[in-house]
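The values are calculated or read from the model by the stated rules, or taken from the named source; none is laboratory data. For clarity, every value in this text was computed on a predicted model and none was experimentally measured. No Cβ is skipped: glycine too gets one built from the backbone with ideal geometry, and neighbour counts run over all protein chains shown.
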Amino acid sequence: MTSTLEHQTIDPHTQDFLDEAKASKFDFHSISIKAAGDERLKTAINSAVMRQYTGRQLRLLELPDSEGLRTLAGDIKGHALDYLDYYLVQTKQAVERNGGQVHFARTGEEAKRIIFDIIDKANCKSCIKSKSMVSEEIELAHALEARGMDVVETDLGEFIVQIDHDKPSHLVSPIVHKDRASIGKSFAEYFGTPFTDDPEKLTKQARVYLRDKFRRADFGMTGGNFVVAETGQVCVVENEGNARQSITTPRVLVSLIGIEKLVPRLADLAVMLKLLARSATGQPFTVYTNLFGGPQQEGEKDGPEEFHLVFLDNGRTEILGSEYRETLRCIRCGACLNACPIYRKIGGHAYGSIYPGPIGALITPLFQGLGNFKDLPQASSLCGACYEACPVKINIPKHLINMRKDIVSQHLNHPMERVIYRMWAWALKSPFLYGAISAMQKFELRRRAKKTGWVKSVPFPGSGWTQIRDMPAPAAKTFHEMWRGK
Ligand code: SF4
C-alpha cells in the first residue's frame, strides 16, 4: 500500500478534512451532547486520564512541600511574563552566542513564512517532527505538506493522529479518545498489514517505519516545553526518544515556540521539571529530557549544522496586556484536563480547538475570539479541581467567571438568556414571588416524577438539564422548611 506520508503534495483526504473544519461553524452545544452520549469515547477517555490523574496525586505526595513548589513555579512563570521583553532579548543573545539564529513571528502566517524560507535556503525535502502544540496551533505540518515536503510526526500518538487524519484530543496524550482496536484498524489500513491490536506489535511496526524516516530526514522540527533565557537552551521532554532523533539527526533544526515559554535560569527549569512530568503523566521524570540551543559544536558527535529558534506571538502579547495574563503561565501539562469532570465526559474534540479542557476553555476564546467560542467558558461546573491540579496555580475558575462576565457585558449571550436572568433576579428580590415560583416548580417536578421518583424531562428553560440525564424529584421538605422547623 502506498503511504500517504510519502505523497509529495497534501493528501486529498486531509485537505477535505481541513476545508470542512474551516467551513463548519463551531457548535459546542450539539457536539458536546453527541460526545456525552458516546459510551465508548467516555470509557476510553476515563481509563486513560484517571490513570494520569491518580498517578499525579501519588507523585506529588512524594515531594516534601508540593504546595510550596507549585507556588514557586507559578511565581517563576509570573516573573518571566512580567519581564518578558528583557528575557526575550537575553535569550536571543544567548542563542546567537551558541551559533544559532532567533526569529520573531507576530502571527502563524509569519511563522510559516519564516520556516518556509529556512527550508528553501537549505533545500530541505524531508521533515521529522516531534510533538508540539504550537505547531498544531498554526497547522504547520499541513502547510509543509502542501508545499511538497515529506512530513512525518514522530511521536507515536501524533503519528496515529496523522495517519488517521484526526486531531489530538488531549494536550499530552493526543489519542486518549482511541482504543486499541481502532488503532489496530488504522495501522492495518495504512500499512496494508493484517489486523492486530497488540500494542507491542503496533509499536514495533511504527518503529521500523519511523527509523527509516529518521535516517533520511534533512529537516527537524520541535516545539519546546521551556526556553532558558540565561543559556539560550530549549528544553523538550518526552518518553519515546523521537524528539532526540529530531534534534540530533537532521542537518537543519527549527524549534517553534510560544513567547511565553521562557524561564529565566537553569535553576528555575529544575523547579519546572520537578512538577511537569508529575502533573502530566504521574512520572517523577520523563524518560528523556533534552536541552539544546545551537548547531553542532566542535568535538560533538551529533547535532544540526543550522539551528533556528522561532518565537511565536499569535495573540500572546494581547493576553499579556489583559486581565488574563496568568493563563500564559500554562506549561501544557494537561493536569487540569484529567481533573475536569466535564472533559472526562465529553473529551477534547468537543472544545473545537487543539487546546481542550479547562485551560482550553480560557485560551481558545482568547486566541480565536470570545464571540466565536462563547460557549466554552460555560463548559465548567466551577468545582475548582483544575485550580487544585495546576502546577503553576492558574486560577482557572476565577478567569472563567470573569470571561462569563465579559460575555454578558459584550452582549454575546442569547437575548432570551438575558431576559430569563433579568426575570430571575426580579423574582429573587421578592420573598413572596420566590416562594410562589418555588412552590409551582416543586408541584410540577413532583408530578413529573410521580411514577419513578425521577424527572425524565424538564420544560424550557431548564430542558437542557435532562437532555442526557434524569433528575431526582424534589425532597419532601425544602431547606427553608427545615430551617423553620416545619
Ligand atoms: S492550566 Fe495548569 S494544569 Fe492546565 S495544562 Fe496548563 S499548567 Fe497544566
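Restricting the search to segment 236-255, which residues are surrounded by fewer than 24 Cβ atoms within 10 Å (Cβ to Cβ) and under 26 Å from E318 (Cβ atoms)?
none
Regarding segment 256-267, can at least one residue be identified that is among the small types (G, A, S), surrounded by fewer than 24 Cβ atoms within 10 Å (Cβ to Cβ) and not in a helix (DSSP H, G or I)?
Checked segment 256-267: at least one residue is among the small types (G, A, S), surrounded by fewer than 24 Cβ atoms within 10 Å (Cβ to Cβ) and not in a helix (DSSP H, G or I).
Sort through C340, C336 and tell me the only one that's in contact (Cβ under 8 Å) with a residue 60 or more places away in the chain, on the phi < 0 side of the Ramachandran plot, within 18 Å of the chain's Cα centre (by Cα) and within 16 Å of the ligand (Cβ to nearest atom).
When all the criteria are applied, what remains is C336.
Considering G294, G299, which residue is out of contact with any strand residue (DSSP E or B) (no Cβ under 9 Å at 6 or more places or on another chain) and not in a helix (DSSP H, G or I)?
G299
Do any residues in segment 394-415 that are free of Cβ contacts under 8 Å to residues at least 12 places away in the same chain have Cβ atoms under 9 Å from those of residues that are not charged (D, E, K, R), where the two are at least six apart or on different chains, and which pairs are they?
Close Cβ pairs satisfying both conditions: K398/Y387; V408/Y421.
Residues Q296, Q368: which one is away from the ligand (no atom under 16 Å from the Cβ), surrounded by fewer than 24 Cβ atoms within 10 Å (Cβ to Cβ) and under 21 Å from K167 (Cα atoms)?
Q368 is the lone residue from the list that is away from the ligand (no atom under 16 Å from the Cβ), surrounded by fewer than 24 Cβ atoms within 10 Å (Cβ to Cβ) and under 21 Å from K167 (Cα atoms).
Which residues, taken from segment 273-307, are among the basic types (K, R) and under 25 Å from K393 (Cα atoms)?
Initial filter on segment 273-307 (among the basic types (K, R)): 274, 278, 301.
Residues satisfying the conditions are K274, R278.
Could you pull out the residue among L72, L81, L63 that is in the same structural domain as H170 (by TED's automatic domain parsing) and assigned to a loop (DSSP other than H, G, I, E, B)?
Testing whether each residue is in the same structural domain as H170 (by TED's automatic domain parsing) and assigned to a loop (DSSP other than H, G, I, E, B) leaves just L63.
Mind checking which residues of segment 84-110 are of a type outside the set (F, W, Y), part of a helix (DSSP H, G or I) and out of contact with any Phe, Trp or Tyr (no Cβ under 9 Å at 6 or more places or on another chain)? First the steps, then the outcome.
Of all residues in segment 84-110, those of a type outside the set (F, W, Y) come to 84-85, 88-103, 105-110.
After this cut, where a residue has to be part of a helix (DSSP H, G or I) as well, the list is 84-85, 88-97, 108-110.
The answer is L84, D85, V89, Q90, Q93, A94, E96, R97, G108, E109.
Quickly run through segment 452-480 and pick out the residues that are of a type in the set (F, W, Y) and surrounded by 13 or more Cβ atoms within 10 Å (Cβ to Cβ). Steps first, please.
Looking only at segment 452-480, we keep the residues that are of a type in the set (F, W, Y), and these are 454, 460, 465, 479.
Passing the criteria: W454, W465.
Against the condition at pLDDT 95 or above and either in contact with a Leu (Cβ under 9 Å, 6 or more places away or on another chain) or closer than 21 Å to F214 by Cα (or both), how does V89 come out, does it pass?
no
So, of the residues in segment 315-333 that are without any contact (Cβ under 8 Å) to a residue 60 or more places away in the chain and within 19 Å of S132 (Cα to Cα), which turns out to be farthest from the ligand (Cβ to nearest atom)?
Within segment 315-333, the match that is farthest from the ligand (Cβ to nearest atom) is G315.
Condition first: under 18 Å from N395 (Cα atoms) and in a helix (DSSP H, G or I). Now tell me which residues in segment 356-370 satisfy that.
Residues satisfying the conditions are G357, P358, I359, G360, A361, L362, I363, T364, P365, L366.
Which pairs have Cβ atoms under 6 Å, sit 6 or more apart or on different chains, and link a residue in segment 465-485 that is in the same structural domain as A35 (by TED's automatic domain parsing) to one that is of a type in the set (S, T, Y)?
Note: no pairs meet the criteria.
Please determine, by comparing only the residues of segment 190-223 that are without any contact (Cβ under 8 Å) to a residue 12 or more places away in the chain and assigned to a helix (DSSP H, G or I), which one is surrounded by the fewest Cβ atoms within 10 Å (Cβ to Cβ).
E200
What's the total number of residues in segment 102-113 that are surrounded by 18 or more Cβ atoms within 10 Å (Cβ to Cβ) and closer than 23 Å to F226 by Cβ?
Qualifying residue count for the region: 5.
Only one residue in T286, T317, T327 is touching a strand residue (DSSP E or B) at 6+ places or on another chain (Cβ under 7 Å), surrounded by fewer than 23 Cβ atoms within 10 Å (Cβ to Cβ), not hydrophobic (A, V, I, L, M, F, W, C) and not in a strand (DSSP E or B). Which one?
The unique qualifying residue is T286.
I need a count of the residues in segment 343-355 that are in a loop (DSSP other than H, G, I, E, B), within 17 Å of A36 (Cα to Cα) and away from the ligand (no atom under 13 Å from the Cβ).
Total meeting the criteria: 2.
Only residues that are outside any loop (DSSP other than H, G, I, E, B) and surrounded by fewer than 16 Cβ atoms within 10 Å (Cβ to Cβ): list them for segment 379-388, please.
E388
It is to be established whether one or more residues within segment 389-407 are of a type in the set (K, R), within 16 Å of the ligand (Cβ to nearest atom) and not in a helix (DSSP H, G or I).
There is at least one residue in segment 389-407 that is of a type in the set (K, R), within 16 Å of the ligand (Cβ to nearest atom) and not in a helix (DSSP H, G or I).
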